[in-house]
Amino acid sequence: MATNHVQAGKTMQWTNGTGAAVSAGDVVRIEDRIGVALEDIANGSSGTIALDEVWDLPKINCSTSAGEALMWDDDGDPVGGTAGTGAITDGTEGNCAAGFAFEATVGTDTHVKTKING
């Protein structure tokens with residue numbers, strides 16, 4: 001039996017050093033990947049973030065196909081959202097890997113179901 005297993009890896013403790021509070025459901029960047037806050041995390045505090053599963057995340061004005069690679073743009077403008085708050089982009093641009101589209105969207109859709117880190 002393997003003795004080097006650490007954990008399932010679906011969540012991790014993350015220390016918020018962003019300079020602002022993070023709300024449950026917000027996307028947080030972990031170097032070249034993303035996570036989703038499972039709880040409110042004050043600046044300077046630690047909390048749990050999800051590293052797996054499918055999340056409904058804000059996106060820019062682009063269409064996506066099921067299975068398409070998606071990126072997270074830290075300062076992207078989500079459709080109908082607050083400018084510069086961050087958004088999913090199609091695989092052609094962005095700042096870090098987010099995962100893939102779990103289903104197709106059209107440009108005017110405000111969110112995309114995203115299998116994060118997939």
**Whichever residue in the range 67-117 is among the small types (Gly, Ala, Ser) and within 10 Å of the chain's Cα centre (by Cα) and, among such residues, is nearest to THR18 (Cα to Cα)** = GLY86
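Which one of THR85, THR108 is assigned to a loop (DSSP other than H, G, I, E, B), on the phi < 0 side of the Ramachandran plot, β-branched (Val, Ile, Thr) and at pLDDT 95 or above?
Values: THR85 fails: at pLDDT 95 or above.
It is THR108.
Is it the case that GLU93 is of a type in the set (Asp, Glu) and modelled with pLDDT of 95 or more? Break it down stepwise before answering.
On the way: of a type in the set (Asp, Glu): yes; modelled with pLDDT of 95 or more: no.
No.
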**Request:** Identify all residues within the range 1-14 that are in a loop (DSSP other than H, G, I, E, B) and either of a type in the set (S, T, N, Q) or under 19 Å from THR89 (Cβ atoms) (or both); write none if there are none.
**Result:** THR3, ASN4, GLN7
**Item:** the range 35-55 residues that are under 25 Å from PHE102 (Cβ atoms), paired with ones that are part of a strand (DSSP E or B) and among the aromatic types (Phe, Trp, Tyr) (beta carbon under 6 Å, 6 or more apart)
**Value:** VAL36/TRP55; ILE49/TRP14
**Asked** Within the set of pairs 6 or more residues apart or between chains, which connect a residue that is within 20 Å of VAL54 (Cβ to Cβ) and touching a residue at least 12 places away in the same chain (Cβ under 8 Å) inside the range 80-101 to a residue that is outside any loop (DSSP other than H, G, I, E, B) and of a type in the set (Asp, Glu) with Cβ atoms less than 9 Å apart?
**Response** GLY86/ASP73; ALA87/ASP73; ILE88/ASP73; THR89/ASP73; GLY94/ASP73; CYS96/ASP73; ALA101/ASP90
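Does the range 1-34 hold any residues that are of a type in the set (S, T, N, Q), under 20 Å from GLY118 (Cα atoms) and in contact (Cβ under 8 Å) with a residue 12 or more places away in the chain, and which are they? It would help to see each step written out before you state the result.
Initially, the range 1-34 is screened for residues of a type in the set (S, T, N, Q), giving 3-4, 7, 11, 13, 15-16, 18, 23.
Now narrow it down to the ones that are under 20 Å from GLY118 (Cα atoms): 7, 11, 13.
Hits for the range 1-34 are THR11, GLN13.
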**Request:** Return the total of residues in the range 15-50 being more than 14 Å from the chain's Cα centre (by Cα), part of a strand (DSSP E or B) and not hydroxyl-bearing (Ser, Thr, Tyr).
**Result:** 2
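Residues are listed down the side, and each one gets a yes or a no for (1) surrounded by fewer than 15 Cβ atoms within 10 Å (Cβ to Cβ); (2) more than 18 Å from ASP26 (Cα to Cα); (3) of a type outside the set (D, E, K, R):
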position: ALA50; (1), (2), (3): no, no, yes
position: ASP56; (1), (2), (3): yes, no, no
position: LEU70; (1), (2), (3): no, no, yes
position: ASP73; (1), (2), (3): no, no, no
position: PHE102; (1), (2), (3): no, yes, yes
position: ASN117; (1), (2), (3): no, no, yes
**Message:** Yes or no: the range 52-68 includes at least one residue that is in contact with a strand residue (DSSP E or B) (Cβ under 6 Å, 6 or more places away or on another chain) and among the basic types (Lys, Arg).
**Reply:** yes
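The values are calculated or read from the model by the stated rules, or taken from the named source; none is laboratory data. Bear in mind the structure is a predicted one, so any value in this text is a computation, not a measurement. Cβ atoms come from the backbone with ideal geometry, glycine included; neighbour counts cover every protein chain shown.
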